[in-house]
Amino acid sequence: MASEVPPKTKPKLTGRDFYNSLGSPKTAVAPMVEQSELAWRLLSRRHSPPNTLCYTPMFHSRLFATTPIYRSQSFYPPLDGSKPDRPLFVQFCSNTPEDLFSAAQHVAPHCDGVDLNLGCPQGIARKGKYGAFLQEDWGLIRSLVSKLHKDLEVPVTAKIRILETRERSLEYARMVVDAGAQVLTVHGRTRDQKGHNTGMADWGVIRYIRDNLPKEVVLFANGNILWHEDVQRCLDATGADGVMSAEGNLYNPAIFQSDEDWEKRFPRMDILGREYLDIVRKEVLPGLEERGRKLLLQDPSITAIKPHLFKLWHALLPKYTDVRALLAKSSARASEGGDVLEPYETCLMEVQKIIKAELNQNPELTDENGRWVGPDTPFEEGAKGVMIEVDGVKFNRLVPWYRCQPYYRPLPEEAIKKGALNVRKSAQCQGISEKKKQKLDTGTGAQLVTERLQQAIKDERDIAKGVEVPGTSTGMESDVRAS
Ligand SMILES: Cc1cc2nc3c(=O)[nH]c(=O)nc-3n(C[C@H](O)[C@H](O)[C@H](O)COP(=O)(O)O)c2cc1C
C-alpha cells in the first residue's frame, strides 16, 4: 500500500517558511528510544514554551512499514484531541529509501516532519548499518533524504553527529541539507563519544557549521543542555535557531520552562510524578486496554514508566534505597495482574510521604510571595547549581534534592573515589570462577577486576538511569540506546 507515490495536494514548505509555520520553536525535546513516547511528550509540552518541538523515539523503518503491531505500538495520537501533540517530528532509522518512504507515509498525515536518524552510535546500529554508521556512505544518505524530499507530503529533516574535523563536519552537513533536509540538528559529539567516552559536546563545531551554511538553513544545536540557562548560552555560542535536549529533559522535563518562577523551573518530583502518571492513566491507557494485558505490558508507554521515574526521582533515590528497590521491582509487579499502574502509584505514595515529612521538618525558603527561592552558597565556578547575582554578589543557587534537577554523571575515577568500588565489590566477584579469583593478584587478575569494575560502574549508571541491566531486558528497543 504505502510505497505508491500519492498525488501532491499543496506545495511543501521549505527552510525558514517551514520553520516559521511551526511557530519558530527555539526548544526541542530530543528523539529518545523508549523515552520520548507520547505520555512523556505531553508532560514535557506542559512544562515548556507552547511551540516546543518534540520528536518521537527512533523507529525502525522496515519494521514500521511492514509490521502493523510495531506500528500501532510505536505511534498513536493523544486521546484528548484538544491537546494536540504538535509540532512533532517522527524519527526513523533506515538504509533503504523505499522502506523509509513507506514508513514515512504512514505518519505523514499526523506529524509536521519526518526525521532521519544519522546519529545512533550503538553496536546494534553498526550491525544493522544505520544511524551514525551511514556516515561513510554519503550516496546512501543522499538517496534516503532526497526520496522523502521529493515524494513525501511533509518535509524531511535530519539529525547528525559531528565528524573528526570541523571542515569535514561542514561538508557533511552541507551534503545532508543539499539532499533536501529542511531542519538539520547537529549533535556536537562524534560517533566515538558514547558510554564512558561521552564527554562534552563541541559547540564550536556547531558554530562553524552555522556560520558557513546559508542563513536559509534551519539549524538546531544538541548537547550540553543541563540547565535552563544553557539554552540561551547555547544559542549565543552556536548561532543556532534552537536547541535540543535529551538527558536534561529526562531529569527535568521543565528544563525549557521560560517562566522566571523557580518552582516552575524545578518542579517538585512528587508533583511531577503525579502529573505524569495521570497523563498515562487518562491520555494513553484507555486507548490501549482493548489490546489485552500482554500487549499492554509491552507498550512503550508502559515500559517507559519505570525508567522515567528513576530519572525524575534520581536525587531522592540514593537516600531512600527502599523506594529505589520498590521501583526496581515495579514492572515485575505490574505483570502479575490488577491495575497496571498500581506498583508505580505505590512508589509515588512513598515519595509523597518522604517529601511531606521533609517539608514539615525543614520548610523551604520562600520570598515575600511565599514562593520557593532556594538556598544559595558563595559562588564557585563550575559548582552545581545555577549562578545568580544579588546586588552585584554572585551565588550558586542550589536545588533541593526533592526537586527535579540535572544529573551529573561521575567520571569513572570519581565513581571509584566515591566508593563505587566498595559498593560493587561483591557484584564484581559474582560469576567469577575460583580459578579466575586466584588470579586476582596477577596482571590478568588486575585486568579482570578492571573489566568487572567498568561493568559494575556501567550497571550502576544504568540502574540510576532506570535502564534494565542484562538479564531483565524488556524487548527489542531496550537494546537500541541511540544517541
Ligand atoms: C535514553 C536516550 C535515548 C535516545 N534515543 C535516541 C533516538 O531514538 N534517536 C536519536 O537521534 N538520538 C537518541 N538519543 C540521543 C539524543 O537524542 C541526543 O542526541 C543525545 O543524548 C545528546 O543530547 P543531550 O546532551 O541533551 O543528552 C537518545 C538519548 C538518550 C539519553
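The values are calculated or read from the model by the stated rules, or taken from the named source; none is laboratory data. None of the values given here were measured: they were computed from a predicted structure. A quick note on method: Cβ atoms are made from the backbone with ideal geometry, for glycine too, and the neighbour counts reach across all protein chains shown. The area values use the complete protein model at the heavy-atom level, side chains included, leaving out ligands, DNA and RNA. Shrake-Rupley method; radii C 1.70, N 1.55, O 1.52, S 1.80 Å.
Shown in residue order for the range 372-384 are the 3J(HN,Hα) couplings computed by the Karplus curve 6.51 cos²θ - 1.76 cosθ + 1.60 at θ = phi - 60°: 4, 10, x, x, 10, 10, x, 5, 9, 4, x, 6, 5 Hz (x for Gly and Pro).
Using only Cα atoms, locate the centre of the range 282-300 and the centre of the range 58-113, then give the distance between them in Å, rounded to an integer. Between the Cα centre of the range 282-300 and that of the range 58-113, the gap is 18 Å.
Near residue 158, within a Cβ-to-Cβ distance under 13 Å, what is the net charge of the other residues, with Lys and Arg +1 and Asp and Glu -1?
Details: positive: 142, 147, 159, 161, 174; negative: 115, 178.
Local charge sum for residue 158: +3.
Per-residue extension of 0.36 nm, minus the Cα-Cα distance of residue 362 and residue 408, leaves a gain of 14.1 nm for this segment. Other residues lying with their Cβ under 9 Å from the Cβ of residue 133 contribute a combined charge of +2, Lys and Arg counting +1, Asp and Glu -1. As an exercise, use a Förster radius of 35 Å and the Cβ-Cβ distance of residue 259 and residue 346 to find the FRET efficiency, rounded to the nearest 0.05. Approximately 0.65, to the nearest 0.05.
Each of residue 377 and residue 146 was given a label point 7 Å from its Cα along the Cα-to-Cβ line. The distance between the two points is 5.6 nm. For residue 175 and residue 66, what does the FRET efficiency come to when R0 = 25 Å and r is the distance between their Cβ atoms, rounded to the nearest 0.05? That pair, residue 175 with residue 66, gives E of 0.30. Here's the picture: a label point sits 7 Å out from the Cα of residue 213 along the beta-carbon direction, and within the range 228-244 the residues with their amide nitrogen under 14 Å of it are 238-244.
Which pairs break 32 Å Cα to Cα here: 83/127; 147/306; 26/319; 356/384? Going by Cα-Cα distance, 83/127; 147/306; 26/319 fall outside the 32 Å limit.
Please tell me the relative contact order of the range 1-157 in percent, rounded to the nearest whole number, where contacts are Cα pairs under 8 Å and at least six residues apart. Averaging sequence separation for qualifying contacts and normalising by length gives 22 percent for the range 1-157.
Full extension of the chain between residue 319 and residue 235 gives 26.6 nm of extra length, using 0.36 nm per residue less the Cα-Cα distance.
Arrange the residues 313, 401 by how much accessible surface each exposes, largest first, with a 1.4 angstrom probe.
Values: 313 0, 401 45 Å².
Final ranking, largest accessible area leading: 401, 313.
Taking all pairs of different Cα atoms in the range 15-259, averaging 1/r and flipping that mean, what Kirkwood radius in angstroms comes out? Don't jump to the answer; show the numbers that get you there.
Values: mean 1/r = 0.0565 Å⁻¹.
Radius from the Kirkwood sum: 17.7 Å.
Amide H to amide H distances under 5 Å link residue 189 with 162, 202, where only residues 5 or more positions off or on other chains count and H is placed in the peptide plane.
For residue 16 and residue 293, the difference between the fully extended length at 0.36 nm per residue and the C-alpha to C-alpha distance is 95.2 nm. Using the Karplus relation 6.51 cos²θ - 1.76 cosθ + 1.60 with θ = phi - 60°, the per-residue 3J(HN,Hα) values for the range 203-220 come to 5, x, 5, 5, 4, 4, 5, 4, 5, 10, 9, x, 4, 4, 6, 8, 10, 10 Hz, with x marking Gly and Pro.
Amide H contacts of residue 79: none lie under 5 Å away among residues 5 or more positions distant or on a separate chain (H built 1.01 Å from N in the peptide plane; Pro and chain starts excluded).
When only C-alpha pairs under 8 Å and at least 6 residues apart count, what is the relative contact order of the range 210-271, in percent? Show your work: numbers first, answer last.
On the way: 69 pairs, mean separation 18.0, N = 62.
Relative contact order, the range 210-271: 29 percent.
Here the spin labels are modelled as points 7 Å beyond Cα on the Cα-Cβ line, and at residue 82 and residue 282 they lie 1.0 nm apart. Coupling constants for the range 150-164 follow from the phi torsions by the Karplus curve (6.51 cos²θ - 1.76 cosθ + 1.60, θ = phi - 60°), and in residue order they are 7, 10, 7, 6, 10, x, 9, 9, 8, 10, 10, 9, 6, 9, 5 Hz; glycine and proline get x.
Backbone amide hydrogens, once placed in the peptide plane, bring residue 387 within less than 5 Å of 397, excluding anything fewer than 5 places away on its chain.
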